[in-house]
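Chemist: Questions regarding the structure given below will be posed in turn.
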Amino acid sequence: MIEKEFSKEEKELFSLLDWAVDYLEHGRFKNKEDKENAKISIKMFKDTRVLIIKCADKRFEDLKRIEEENNDHLHEYHDVTCPKCKFFTSLLPSGKKKNKMGYMCPTFECPKCYNDFIADEPLDAHDMVAMCEEMLKILYKSKAPQDQVQAFKGHIAALKLANQNLDEEHAEIYKQHADIAELVRLNIAELSVYKQQVLDNQNPGFLN
Ligand SMILES: [Zn+2]
């Protein structure tokens with residue numbers, strides 16, 4: 001599960017922003033202009049904090065959704081047939097387990113005979129493609145009818161395309177969050193210099 005929490009850098013930035021606001025709110029100013037500038041800086045620091053919190057919330061939501069899209073079919077109904085009593089129905093998985101080929105698949109409990117069984121449908125979309133490709137090799141070896149082989153190849157191609165589209169969409173989201181992380185690092189660097197100058201009593205003026 002994805003945990004909702006701020007990164008180490010975000011926490012560091014928050015502490016610098018808190019320090020900067022506190023410093024400016026209690027500062028003594030040489031003139032009216034400095035005092036007005038302080039107000040602008042305080043607003044800017046507070047806005048930055050709000051923005052970073054918003055971005056972190058969005059990151060949490062995005063990562064949670066990506067995790068669900070990638071491999072969480074545990075909360076969906078699956079059409080399954082009990083291998084023991086052959087009862088066909090739509091069921092929610094009871095859990096997950098590796099199948100004979102080593103892929104993590106959903107497990108079910110038959111509502112009729114209470115048999116526990118595993119369905120050969122890997123939860124991860126990329127595992128699904130990998131397993132289908134292994135099955136295709138078996139079809140080739142067993143000299144299955146050409147139309148059956150072709151249909152299965154078409155099925156694999158469609159799965160791959162769906163995965164590719166999703167991967168590209170996810171890559172775009174990861175990039176957005178990487179850009180924000182970079183912005184956080186830049187802000188830390190800038191504010192650290194500012195703080196050091198204040199502590200050294202160099203009268204750095206105001207960031208804008
Ligand atoms: Zn059954």
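The values are calculated or read from the model by the stated rules, or taken from the named source; none is laboratory data. All of these numbers come straight from a predicted model, not from anything done at the bench. As a convention, Cβ positions derive from the backbone with ideal geometry for all residues, glycine included, and neighbour counts pool all protein chains shown.
Chemist: Checking the condition of a type in the set (D, E, K, R), part of a helix (DSSP H, G or I), at pLDDT 90 or above and under 27 Å from the mean Cα position of the chain (by Cα), which residue from Lys39, Lys58 passes?
Modeler: Lys58
Chemist: Condition first: without any contact (Cβ under 8 Å) to a residue 24 or more places away in the chain and farther than 18 Å from Ala181 by Cα. Now tell me which residues in segment 41-85 satisfy that.
Modeler: Within segment 41-85, Ile42, Lys43, Arg65, Glu68, His75, Glu76, Tyr77, Asp79, Thr81 meet the criteria.
Chemist: Restricting attention to segment 113-126, does a residue exist that is of a type in the set (Val, Ile, Thr), touching a residue at least 12 places away in the same chain (Cβ under 8 Å) and not in a helix (DSSP H, G or I)?
Modeler: Yes; the residues of segment 113-126 include at least one that is of a type in the set (Val, Ile, Thr), touching a residue at least 12 places away in the same chain (Cβ under 8 Å) and not in a helix (DSSP H, G or I).
Chemist: Here is a further query. Assess whether Ala119 counts as being within 16 Å of the ligand (Cβ to nearest atom) and either in contact with a Phe, Trp or Tyr (Cβ under 9 Å, 6 or more places away or on another chain) or basic (Lys, Arg) (or both).
Modeler: Spelling it out, Ala119 is indeed within 16 Å of the ligand (Cβ to nearest atom) and either in contact with a Phe, Trp or Tyr (Cβ under 9 Å, 6 or more places away or on another chain) or basic (Lys, Arg) (or both).
Chemist: Identify, from the list Lys86, Lys100, Lys96, the residue that is within 16 Å of the ligand (Cβ to nearest atom) and of a type in the set (D, E, K, R).
Modeler: When all the criteria are applied, what remains is Lys86.
Chemist: Among the residues of segment 7-60, which ones are aromatic (Phe, Trp, Tyr) and within 20 Å of Glu190 (Cα to Cα)?
Modeler: Selection gives Phe14, Trp19, Tyr23, Phe45.
Chemist: Is there any pair with a first residue in segment 86-101 that is among the charged types (D, E, K, R) and a second that is part of a loop (DSSP other than H, G, I, E, B) whose Cβ atoms are under 7 Å apart and which are 6 or more apart or on different chains, and what are they?
Modeler: Lys96/Leu74; Lys96/Leu123
Chemist: Name every residue in segment 8-32 that is surrounded by 14 or more Cβ atoms within 10 Å (Cβ to Cβ) and farther than 17 Å from Leu199 by Cα, in order of residue number.
Modeler: Scanning segment 8-32 gives Glu9, Glu10, Glu12, Leu13, Phe14.
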